[in-house]
Amino acid sequence: MHQIRFYICSIILFIFSISIFYGNENEEKKENGIFNYHNIKNDFSFLKDVLKYKSNIQEHDIKEGKSYLKGQASIEYYNIKIKADYIEFNWKNGDLYAQSKEKSVFFQKDNHQYTFSKIYLNINDQIGEAKNFYIKEKNHIIIANDFLKKKEDILMKKVIYISDPFFLKNQYSYPDFYLKTNYLKYSYSKKYVFSGPIFFYWYRVPMPIFLPFFYMPIKLNQSPYGLKYPKFGIQNKKIYMENIGLFFTISDLLNFRVNASMYDTEKEKWKVQTRIEYKLKYPYHGFIDLDYQNISSHKKNYLFQWKHNSDNKSNYEISFNANVNYDNAFLYKKNENLSSINIRKKLSDSLWFMDMYMIQSPSKKKVKFIIPELILHTKSVLFDDKKNLLTSHVNIENRFFLKNSMDFYYHKTTSFNAVLNHHMMINSYSSFFYPYLKISSQIFYKDFYTWNIPYFHISSYQKMDISTNIVSVPFYKIWKLKNNVLLKHEMEPILSFNMIYYPPVFYNAKNHLEKRINFILNNDLTIKTTWSHVNIYKKIEIFKEMNFSFIVDNNFIKCKNFYIMGNVDLTKNMEAKYKAGVNWEEEKKKNQSNILFDFSFFSNYNIHFLPVKNEYYKKGKDRYDYFLFDQKNYAKYTIPVTLEIDFHSNYENKKKLFQNLLSINGSINITKYWKVSFHTDYDFLKKKIIFSNLIFNRDLRSFEMSFNWNFEKSSYWSFFIGLKDPNFRNIIQYNERKN
């Protein structure tokens, strides 16, 4: 047995020498580096660089223009590769026939691999038919008796779909669950899958449920139309259906989609959601939503939403964005509903903003319109000289702000309010004793004017804030305690001077100047241990940051506030953080201090209880998994356990807040396929559990089951069982919940 591998060039030249084929020889034509086969009818010389084959025995019929490959035959043609026991290839029209007796015909295109018992294929048009089709992907297997490939579609008959993970891993001889249909169509040009009635089989026994048809888009934005299967469930012993969808393409720029849900609960009966998606000339795109809801109290509510976006990566000088929301039943809701429209215009050294807002406030029973809000933001660099340490970098920013608002109250008078605001900020960066000291200074000026109608109230406000920060390079010291232990202590001091001036226009003239001094000390303590050629770093930041703030009043310095924070890595799985401080304030001529403290402790563990190997003497297989067995034939396996402990304590006397909470999260695999997870919150002050949650998970091969139980005053539980396969998870499931 031998293999002969050569290019088809020699056979083609011999065929032309006896003038079997007719017609003139055409030039090779390429499109984007690929030959154009449709323009080459009778000249097969182009195959010499793209087609190659090999086999144990080869026969060539010059008169018929065919080659017969027998024994370990294979053909490679661009991105197509075929292996079989027998291959017959027609050089005239590109027809190919392949079959195998013992093993299946192997067919590969790009990264996809298929197997057949036999196949007819035209390699030029890439159309044909096959028998006993089989493909294995990551999460499923598809088997079909008949396979027909057309130019834009693939048709399959007597199709079986399997997603059993144990069957996919060859851990079991047959699947526990599979789907079966007599007809399936896959359109790879329009990217969708359509089938006839689908029947369910549980351990090769047909189940009394079926789907009349199935439609699944591969990519929604490329599908012209389609149907989305709903999600069914049971809530309070009543069946509900969520998100049955229909979508179709109106044009190349518009898509339409509608989702419907039906309930039978106390809050709502049914709900319809519609969406129109559009994509205009780059970079604009968006959608329009209209949600309609019928609730049990005979109230019909609707929500209108329009969202329009422009691509942030675009270089357009004007960008337009909109997020408009309107709910006719906003008075019955608690949260505010915000709508906005904004326009951005890029100028040479500035930005121009125009915004419009609508805010629905159910608690205050009013709607607030801000039309318009104009902002002009400019920024320019005055100095940028790296050689000059005093004026190495100085820039100035201006922000002009104009806002007009209208408040519509429920059964009250409408009010109007106008605001004019101006911010100016000058920043400078310089260095002294380079590179040891870095200085940054800032001057901030603010103007503020308001007009109110119908109260005809006018107010004004000015403020100037001057600050200087002096930052030093970090100071550090390293100690070598032992041969394998290093201790590094690093500190970075920051000194800040701040002066705030309030002109006596709209402020108390007796206290129009405020002076502050801030001192911040960043601290870092690191231990480095080398053990068995492994470097272990441990941080102990006893005070990660220490901050002092002072007020200078009448040449007298008094402390404004003080706080300290830290972070300690106790062990590999334990960490503690804290923050404590005091704020001294002068309020209503009474000295009041606000003491705050915040402490948290976190620890997590991942433990695997491994069986002791000395207790076993054999290894075997039970059902579809391998175990170690002891002398009494009891299976032993690894039991993973996770545990997280989080303690949080905080105190603040001004807000009269004091909390001590302990959270415990964990999970344990009580058996190989049973997992229990839990979450508990305990309040030490109330001396009771404020939240508790217990979850049971069961691995059922093709299915998964979960039970979620919340222990509260109003107990809540939910039960779910469904397929693991993400393509059918929301379709084939049982979901029940109770409030």
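Under a 1.4 angstrom probe, counting protein chains only, how are MET499, MET262 ranked by accessible area, largest first? Can you show the working numbers first?
Working: MET499 70, MET262 105 Å².
Order by accessible area, largest first: MET262, MET499.
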With every protein chain kept in the model, how would you rank VAL159, VAL381 by accessible area, 1.4 Å probe, largest at the top? VAL381, VAL159
Length gained, ILE670-TYR203, 0.36 nm per residue minus C-alpha separation, equals 165.5 nm
Could you check the simple spin-label distance between ILE396 and ILE607, using points 7 Å along Cα→Cβ, in nm with one decimal? 6.8 nm
HIS489-LYS577 pseudo-label distance in nm [points 7 Å out on the Cα-to-Cβ vector]: 2.5 nm
Full extension from LYS480 to LYS446: what is 0.36 nm times the residue separation minus their Cα-Cα distance, to one decimal in nm? 6.9 nm
Quick one: with all protein chains in place, what share of the accessible area of the stretch 44-124 is carbon or sulfur, to the nearest percent (1.4 Å probe)? 43 percent
Run the quick spin-label model on PHE696 and TYR461: label points 7 Å from Cα toward the beta carbon, then report their separation in nm to one decimal. 6.0 nm
Any idea of SER261's accessible area? Nearest 10 Å², probe 1.4 Å. 10 Å²
If ARG701, ARG275 are ordered by their accessible area, calculated over protein heavy atoms with a 1.4 Å probe, which sequence runs from highest to lowest? ARG275, ARG701
Gain upon complete extension [HIS285, LYS345; 0.36 nm per residue less C-alpha separation]: 19.8 nm
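The values are calculated or read from the model by the stated rules, or taken from the named source; none is laboratory data. All figures in this text were calculated on a predicted structure; none of them were measured in a lab. Cβ sites come from the backbone with ideal geometry, for glycine too, and all protein chains shown count toward neighbours. Each accessible area value is taken on the protein alone, full model and side chains, heavy atoms only, with ligands, DNA and RNA left out. Shrake-Rupley method; radii C 1.70, N 1.55, O 1.52, S 1.80 Å.
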